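Encoded as structure tokens, the structure appears first; notes follow it.
Quick note: the coordinates plus some simple rules give every number you see, no bench work behind them. Owing to the predicted nature of the structure, the values given are computational and were not obtained by experimental measurement. Every residue, glycine as well, gets a Cβ built from its backbone with ideal geometry; the counts of neighbours run over all protein chains shown.
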Amino acid sequence: MHVLKIALSGVSEDDAALFHKALAGMGAQMSQLWLWADEGEADLIVVDTDSVWGHMAWLRAVGTGKRTAVYTRVAEPKDSDLVLPKPFDPQAFAAVLAQAARERGMPVGDGVRAAHQAVAEAAFAAREAAAETPAATAAEPAPPASAGEPAEAAPQTAAAAADTAETPDTQPDPPASIGALLLAQRLDGAYRATSGTTTVVLDPENDAYYGEAMLKPIKPLLDLPPDALAPIDADALARARQGQAHPLARLRWLAALGATPGALAKALDPQASYRLTRWPQIEREFPRHFRIATAMMKQAGTLAAIAEASGAPVEDVADFINAHHALGYVAIEGDDGGGAQRGLLTRMRRR
């Protein structure tokens, strides 16, 4: 029995669950046993090239000689890539696995259902059980309104929808800007936002936005209050989707980059030492980030030490750490793996 290993790179948690579930159920279609593994051990890496770091992940995988499959909705794959189009299709996934096995000279056909399900389905069941655990301990609902107190009207804006998502005991301050709303991932539908001559359409259903490709012209738009968002109907959204799509994660990154300009986020210790856990995608509009990333990959350092090693201003280092810590790319020296190291975005999602 042939054993092959597969890894995912840049794939969202929701899509990753679909991959795991599909692999657990397709043993009868294959003569190989496919097991999940880290990228370094994988025979095939499925890369979501639409994600904010997708292109860098693809370059890294190809650079190490790994066979890649491109999971994409909008990108133009290279001729050498296996292609898995979005949205996720189990049959297309099975075809990609079969092709990867065929390239290694392995037979493709009936085979290892029992062995495959014993490993893969058990792993997926464990993932589902873990995912369901928080639901069993969810916070109790807010107490009902006092007798005679009129019920409030349903929220009509993205900000209002975000405000009502929390109970009075745990509700944080409402997002003060479109950028904060994006970081908290609280958009409840498709919206259009305009600042000067720049207009973008936000499409959380596809985790994409449409409009300006450069980031700096969009920055003033993210500073606008949430009520500057204008909901759009299905026809307008369909027209927007005919244009070039960009990963919505790029705007979340940009929002974190400018959330506290020139200073570390309140949750981060200015005296701590920080390091990058992996190489990020460097946006060409921010050339100093390459030097900062290089310094932080070499060793952990304080803000001042990183600034000295990179030749970048301390303010730029702080913004860089904020943005990449929010996405989980920055670790704190001596951190035990909890608390601050989870990243701003993780905590904001749990609010």
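Residue by residue, region 286-299 carries 3J(HN,Hα) couplings of 10, x, 5, 4, 5, 5, 5, 4, 4, 5, 6, 6, 6, 6 Hz when phi is fed to the Karplus relation 6.51 cos²θ - 1.76 cosθ + 1.60 (θ = phi - 60°); x denotes Gly or Pro. One chain, two ends: D269 and D89. Fully extended at 0.36 nm per residue, the span grows by 60.4 nm beyond their Cα-Cα distance. The amide H of V11, built 1.01 Å from its N in the peptide plane, has D48 as neighbours under 5 Å, considering only residues 5 or more places off or on other chains. Rounded to 0.05, the FRET efficiency of the M106 and V62 pair, given R0 = 30 Å and the Cβ-Cβ distance, is 0.85.
Using a Förster radius of 22 Å, what is the FRET efficiency between E285 and T260 based on their Cβ-Cβ separation? Nearest 0.05, please. Can you show the working numbers first?
Values: r = 20 Å, r/R0 = 0.89.
About 0.65, to the nearest 0.05.
Karplus-derived 3J(HN,Hα) values for region 222-239, using 6.51 cos²θ - 1.76 cosθ + 1.60 with θ = phi - 60°, are 5, 7, 5, x, x, 6, 7, 6, 10, x, 10, 7, 4, 5, 5, 5, 4, 5 Hz; glycine and proline are entered as x. Backbone amide hydrogens, once placed in the peptide plane, bring K5 within less than 5 Å of L35, D43, L44, excluding anything fewer than 5 places away on its chain. Among K86, K216, the ranking by other beta carbons within 10 Å of each residue's beta carbon, starting with the fewest, stands as K216, K86. Taking amide H atoms as placed 1.01 Å from N in the peptide plane, the amide H of A69 lies under 5 Å from those of I45, V46, V47, each 5 or more residues away in sequence or on another chain. Residues of region 247-291 with an amide N closer than 18 Å to a point placed 7 Å from the Cα of E333 along the Cα-to-Cβ direction: 264, 268-278. The phi torsions of region 212-217, fed into the Karplus equation with coefficients 6.51, -1.76 and 1.60 and a -60° offset, translate into couplings of 4, 7, 6, 8, 4, x Hz, rounded to whole numbers, with Gly and Pro shown as x.
Please give the contour-minus-distance gain from D233 to V3: 0.36 nm per residue of separation, less the Cα-Cα distance, rounded to one decimal in nm.
Full-extension gain reported as 77.9 nm.
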